[in-house]
Amino acid sequence: MADFTELLQEKKVTYKPGGCGKIYTDPDADRARLYFRDQKPRKMVEKTTTVGEAVKNLINNGDYIGVGGFGANRIPTAVLHEMVRQGKKNIGLAGHTATHDFQILVAGNCIDRCDIAYVVGLEARGLSKIARTAIESGAIDTTEWTNAALTWRYKAAAMGLSFLPVRCMLGTDTQKYSAAMEMECPFTGIKYLAVPALYPDVGIIHVHRADVYGNCQIDGIMVADSDLARAAKRLIITTERLVPNLVIRREPTKTVIPYYLVDAVIEVPFGSYPGNMAYEYFSDEDHLREWLKAENDPEDLAAFLKRYIYGVKDFNGYLDQIGGMTRLQELRYQENMVEK
Amino acid sequence: MDYNDMELMICLASRYLEDDSIVVVGTGAPCAAAMLAQKLYSPRLMIMFEAGGIGPLLPSMPISVGDSRTFYRALAASSMPEIMETCQRGLVDYTFLGGAQIDQYGNINSTMIGKDYKAPTVRFPGSGGANDLGSLCWKTMMITPQDQRRFTEKIDFVTTPGYLTGPGAREEAGLPPGSGPYKVITNLCVIGFDEQTKRMMVESMHPGITREKVIENTGFELLWAENVTASDPPKADELNVLRNEVDPYRYIIGRG
């Protein structure tokens with residue numbers, strides 16, 4: 001398992017680990033620049049593919065990933081399911097309010113390390129038993145952070161830097177079990193915590209609309225996805241709708257992810273299901289409850305995963321299993337508060 | 001007037017949120033308190049959610065702090081860095097937090113139970129945005145049931161800073177000066193923090209609650225204000241709005 005704390009000490013910088021956690025990704029801004037120079041295509045070419053191909057070609061065993069959205073809101077479910085189906089292993093995860101996304105990847109035994117801000121829980125819905133067990137048993141190596149810390153770690157990377165000074169986490173056990181480091185402002189003497197830039201190997205984001213080149217628009221809150229898209233070395237986009245380039249050009253103020261950040265684009269209608277997709281469909285609370293309930297018994301869970309993930313060919317197969325268009329339409333009414 | 005513990009706590013909490021101030025809330029009781037405050041006392045209270053929602057006209061209780069209700073007819077649908085940086089700039093007056101354990105300085109544990117971080121007896125979700133909000137907002141409030149297990153001398157993990165080890169500790173750690181825990185609203189009493197010692201100090205007790213009962217349900221020594229008053233119980237209009245407008249499906253108050 002990569003631990004870049006050692007690599008950094010080799011460079012004989014003044015780094016002395018403040019917290020006792022590991023740095024799972026390389027924060028070095030110079031190496032990131034070389035990667036972006038040599039590996040990121042500038043050519044505006046068609047990047048459409050399938051979820052299966054994108055997962056096969058762009059996510060390797062051992063990679064560290066960042067997942068867009070917020071737990072069960074605007075998440076790239078199709079890619080996560082496909083990772084489980086393809087049996088991806090030893091994946092590192094930025095657990096930045098990772099709720100249903102974390103649950104899916106744990107169910108597939110995909111993860112072996114996690115930067116934790118918020119995992120295990122599904123907010124007001126309760127706790128995921130398998131996620132909890134995976135951490136309590138030590139099956140997943142963890143380093144503690146906070147939502148803001150992970151957001152700012154993405155931001156540092158998006159800015160092309162190796163760290164940012166922040167004012168959270170100080171004085172707590174959260175700091176102690178992180179990999180952050182205390183520092184002093186050279187101008188004011190104010191004490192800060194330096195958090196290392198987070199450049200994930202792969203970012204995976206679900207958006208409202210994208211063109212074939214990967215120009216993306218998101219409606220509603222951005223969460224941390226603007227920075228995640230820029231921090232990620234490779235970026236997979238799933239989109240509710242593929243739209244003509246002209247639709248993007250008509251409202252350029254809405255474009256939050258330009259094509260040169262993107263490596264693959266796939267149209268996945270209802271792609272955040274069972275999560276919420278703002279202005280499109282609400283979260284399927286019944287299905288999320290069914291997930292949590294199935295986790296109470298290993299046999300139930302195996303049957304559940306077979307029915308919804310392993311036993312279906314792709315995401316559309318999953319949508320058929322959950323009740324197809326009839327159910328999805330109900331969720332659309334819920335989202336748009338249409339009285340039926 | 002009949003009411004349950006949850007209704008009592010939400011009503012009391014709502015009265016602390018001043019008009020023309022900014023509060024970052026999560027789902028559940030804090031959101032209910034902010035909505036109630038907006039409808040009765042502080043119509044210009046600005047509600048924010050950590051995932052990016054700014055000033056929504058909440059049609060109902062959100063399920064997630066990032067679901068579409070948190071920016072329904074909002075002033076802005078922004079981002080998590082936008083909200084967190086607004087907190088860091090010192091613009092956010094109030095926040096509400098919860099947790100599995102809390103100590104006399106208002107330090108909160110929402111990470112794990114156990115002695116060994118690498119082998120927790122029970123793992124909880126972790127900080128999420130709690131540490132950030134507790135570090136960066138001016139006044140941190142809690143709405144929580146009070147018992148020996150929760151109000152404990154030594155918490156297993158300091159997820160979110162209260163006053164840490166006492167006077168001056170937050171500043172020494174590098175946290176923004178002047179921020180910190182403000183009120184803890186429980187099913188038994190309202191607790192503030194003593195200026196000198198930064199320890200929890202009981203300010204008022206709810207109807208029918210005795211000192212003994214409060215002490216029995218606290219795992220550390222509480223301070224007592226010179227004049228411990230009687231908490232003003234929920235009023236008819238508060239309960240009316242809470243039950244019929246804020247939480248008609250009893251998602252939150254049904255737990256009381």
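Identify the residue in the range A:100-126 that is at the interface with chain B (Cβ under 8 Å from one of its Cβ atoms) and in contact (Cβ under 8 Å) with a residue 12 or more places away in the chain and, among all such residues, is surrounded by the fewest Cβ atoms within 10 Å (Cβ to Cβ).
Only one residue fits best here, namely A:125.
Looking only at the range B:35-54, which residues are more than 12 Å from chain A (Cβ to nearest Cβ), without any contact (Cβ under 8 Å) to a residue 60 or more places away in the chain and out of contact with any Lys or Arg (no Cβ under 9 Å at 6 or more places or on another chain)?
B:42, B:43, B:44, B:45, B:46, B:47
What are the residues in the range A:291-304 that are surrounded by 14 or more Cβ atoms within 10 Å (Cβ to Cβ), assigned to a helix (DSSP H, G or I) and in contact with a helix residue (DSSP H, G or I) (Cβ under 7 Å, 6 or more places away or on another chain), if any?
Answer for the range A:291-304, where residues must be surrounded by 14 or more Cβ atoms within 10 Å (Cβ to Cβ), assigned to a helix (DSSP H, G or I) and in contact with a helix residue (DSSP H, G or I) (Cβ under 7 Å, 6 or more places away or on another chain): A:291, A:294, A:301, A:304.
Consider residue A:131 carefully, then state whether it is closer than 23 Å to residue A:225 by Cβ, within 11 Å of chain B (Cβ to nearest Cβ) and of a type in the set (Gly, Ala, Ser).
Yes; evaluated as a whole, the condition is true for this residue.
Listed residues B:53, B:28; which is of a type in the set (Gly, Ala, Ser) and under 21 Å from residue B:184 (Cβ atoms)?
B:28 is the lone residue from the list that is of a type in the set (Gly, Ala, Ser) and under 21 Å from residue B:184 (Cβ atoms).
Is it the case that some residue within the range A:181-189 is crowded, with 24+ Cβ neighbours inside 10 Å and not polar (S, T, N, Q)?
No, the range A:181-189 has no match at all.
In the range A:237-246, is there at least one residue being under 21 Å from residue B:128 (Cα atoms) and modelled with pLDDT of 95 or more?
No.
Would you tally the residues in the range A:170-207 being of a type in the set (Gly, Ala, Ser), closer than 21 Å to residue A:20 by Cα and more than 9 Å from chain B (Cβ to nearest Cβ)?
5
Are any residues in the range A:150-191 among the aliphatic types (A, V, I, L, M) and touching a Gly at 6+ places or on another chain (Cβ under 7 Å), and if so, which ones?
Correct list: A:170, A:179, A:180, A:181.
Which of the residues belonging to the range B:38-73 are in a helix (DSSP H, G or I) and either of a type in the set (Phe, Trp, Tyr) or over 27 Å from residue A:152 (Cβ atoms) (or both)?
Hits for the range B:38-73 are B:38, B:39, B:40, B:71.
Applying the selection to the range B:111-123, what residues are part of a loop (DSSP other than H, G, I, E, B) and surrounded by fewer than 24 Cβ atoms within 10 Å (Cβ to Cβ)?
B:114, B:115, B:116, B:117, B:118, B:119, B:120, B:121
Name the residue, out of A:281, A:199, A:260, that is in contact (Cβ under 8 Å) with a residue 12 or more places away in the chain, more than 15 Å from the chain's Cα centre (by Cα) and farther than 23 Å from residue A:316 by Cα.
Selected residue: A:260, the only one of A:281, A:199, A:260 that is in contact (Cβ under 8 Å) with a residue 12 or more places away in the chain, more than 15 Å from the chain's Cα centre (by Cα) and farther than 23 Å from residue A:316 by Cα.
Let me spell it out: the conditions are (1) surrounded by fewer than 19 Cβ atoms within 10 Å (Cβ to Cβ); (2) assigned to a loop (DSSP other than H, G, I, E, B), and residue B:226 meets all of them except one. Which number is the exception?
(2)
Return the pairs, sorted by first residue and then second, in which the second residue is among the basic types (Lys, Arg), the first residue lies in the range B:17-28 and is surrounded by fewer than 20 Cβ atoms within 10 Å (Cβ to Cβ), the beta carbons are less than 9 Å apart, and the residues are 6+ apart or on different chains.
Filtered contacts from the range B:17-28: B:19/B:44; B:20/B:44; B:21/B:44.
Read through the list (1) surrounded by fewer than 22 Cβ atoms within 10 Å (Cβ to Cβ); (2) closer than 17 Å to residue B:135 by Cβ, then give the number of the only condition that residue B:203 fails.
In the conditions (1) surrounded by fewer than 22 Cβ atoms within 10 Å (Cβ to Cβ); (2) closer than 17 Å to residue B:135 by Cβ, residue B:203 misses (2) alone.
Residue by residue through the range B:168-184, note down the ones that are in contact with a Pro (Cβ under 9 Å, 6 or more places away or on another chain) and in a helix (DSSP H, G or I).
B:169, B:170, B:171, B:173
For residue B:199, all conditions in the list (1) under 13 Å from the mean Cα position of the chain (by Cα); (2) within 23 Å of residue B:219 (Cβ to Cβ); (3) of a type in the set (Lys, Arg) hold save one; what is the number of the exception?
Failing condition for residue B:199: (1).
Restricting to the range A:208-239, what's the tally of residues that are within 14 Å of another protein chain (Cβ to nearest Cβ) and either free of Cβ contacts under 8 Å to residues at least 24 places away in the same chain or under 18 Å from residue A:96 (Cα atoms) (or both)?
Within the range A:208-239, residues that are within 14 Å of another protein chain (Cβ to nearest Cβ) and either free of Cβ contacts under 8 Å to residues at least 24 places away in the same chain or under 18 Å from residue A:96 (Cα atoms) (or both) number 11.
Might you let me know whether the range A:228-250 holds any residue that is of a type in the set (Asp, Glu) and not in a strand (DSSP E or B)?
No, the conditions are met nowhere in the range A:228-250.
Looking only at the range B:132-167, which residues are part of a helix (DSSP H, G or I) and either among the acidic types (Asp, Glu) or away from every other protein chain (no Cβ under 14 Å) (or both)?
Result: B:132, single match.
At least 3 residues that are over 30 Å from residue B:252 (Cβ atoms) and touching a strand residue (DSSP E or B) at 6+ places or on another chain (Cβ under 6 Å) in each: list the helices (runs of 4 or more DSSP H) lying fully within the range A:112-222 that qualify.
A:147-158
For the range B:113-131, state whether one or more residues are more than 9 Å from every other protein chain (Cβ to nearest Cβ) and basic (Lys, Arg).
Looking for residues that are more than 9 Å from every other protein chain (Cβ to nearest Cβ) and basic (Lys, Arg), one finds at least one in the range B:113-131, hence yes.
Which of the residues belonging to the range A:75-90 are touching a Cys at 6+ places or on another chain (Cβ under 9 Å) and closer than 22 Å to residue A:49 by Cα?
Selection gives A:80, A:83, A:84, A:87, A:88.
Suppose we keep only residues that are more than 8 Å from every other protein chain (Cβ to nearest Cβ) and in contact with a Phe, Trp or Tyr (Cβ under 9 Å, 6 or more places away or on another chain) within the range B:103-112. Which one would you say is nearest to residue B:154 (Cα to Cα)?
Taking the candidates together, the pick is B:103.
Failed condition for residue B:172, given (1) at the interface with chain A (Cβ under 10 Å from one of its Cβ atoms); (2) under 20 Å from the mean Cα position of the chain (by Cα), with all others met?
(2)
Can you go through A:325, A:337 and tell me which one is touching a Pro at 6+ places or on another chain (Cβ under 9 Å) and without any contact (Cβ under 8 Å) to a residue 12 or more places away in the chain?
The unique qualifying residue is A:337.
The values are calculated or read from the model by the stated rules, or taken from the named source; none is laboratory data. Small disclaimer: the values here were computed from a predicted structure and weren't measured. Here the Cβ is made from the backbone with ideal geometry for all residues, glycine too, and neighbour counts use every protein chain on show.
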